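The structure appears right after this line, and notes come after that.
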Amino acid sequence: MKTIITGKNMSVSTGITERVLKKTGKMERYLHQDTEMQVRLTREKNNRRTCEITVPFEGVLLRAEASNDDNLYVCIDQALAKLEKQIHKHRTKLGKRVRDDAFQNNDFEFVEELDVADEGKRKIVRTKTFPVRPMSVDDAVLQMELLGHSFFVFVNADSGTTNVLYLRKDGDLGLLEPEA
């Protein structure tokens, strides 16, 4: 498995690199040899540490993120635990994308215990319809803020496609634009 480690607002020391490689190496139990794992380590202004792990493979994107106030190693462990929980939770949906022998023993590498609440299948409890009219991105930002929502779906007047505007964890905005 190929692991790419990047740092934002911090330098990634050899000790951190060795620790990440050792920990992510255990994920080879689930993933094929040619899988690429991207680990992004971040230090924010308030000294908060974040570990974001992304695994793109065979049309599926696994992603986990964890933050801690001062311990980067805890972040790495928490993110890997979240990733492992995702793999176990969706193992039937992932099917042959994961290794054939991935679930021979049901022991977890990173997760101490699996929440029973996470095992239940989510269901749609409410359906809502709303009128969609073409608008600019600036109008969509204003509308989202007026509604007090963390996301807003609209038809982009410039491109004619349906876009999603969302509030990111860092307080900035993100825009999802589909491509054909």
Checklist outcome for this item: Label model pair Ser150, Ala180: point-to-point distance (7 angstrom along the Cα→beta-carbon line) in nm is 3.4 nm
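So how do 45-52, 164-171, 74-81 stack up, highest first, on mean other-Cβ count within 10 Å?
74-81, 45-52, 164-171
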Checklist entry - What is the fewest-to-most order of Phe57, Phe151, Phe130 by other Cβ atoms lying within 10 Å of their Cβ? => result Phe130, Phe151, Phe57
Checklist outcome for this item: Rounded to one decimal in nm, the spacing of the 7 Å Cα→Cβ label points at Glu36 and Thr54 is 1.1 nm
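Using a ≥ b ≥ c from the Cα gyration tensor of segment 134-176 (square roots of the eigenvalues), is it rounded, prolate or oblate, where a/c under 1.5 gives rounded and otherwise the larger of a/b and b/c decides, a/b for prolate?
Verdict is prolate for segment 134-176.
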Next on the checklist: As I understand it, the dipole of segment 126-179 uses +1 on the Cβ of Lys and Arg and -1 on the Cβ of Asp and Glu, about the Cα centre. Which of Phe151, Leu167, Thr129 lies farthest toward its positive end?
Outcome noted: Thr129
Item to check | Taking Thr6, Thr42 and counting other C-beta atoms within 10 Å, the order from fewest to most | outcome: Thr6, Thr42
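Just so you know, all these numbers are worked out from the coordinates, no wet-lab data involved. On a predicted model such as this, the values are computed, not experimentally measured, just so you know. Here Cβ is always computed from backbone atoms with ideal geometry, including for glycine, and neighbour counts include all displayed protein chains.
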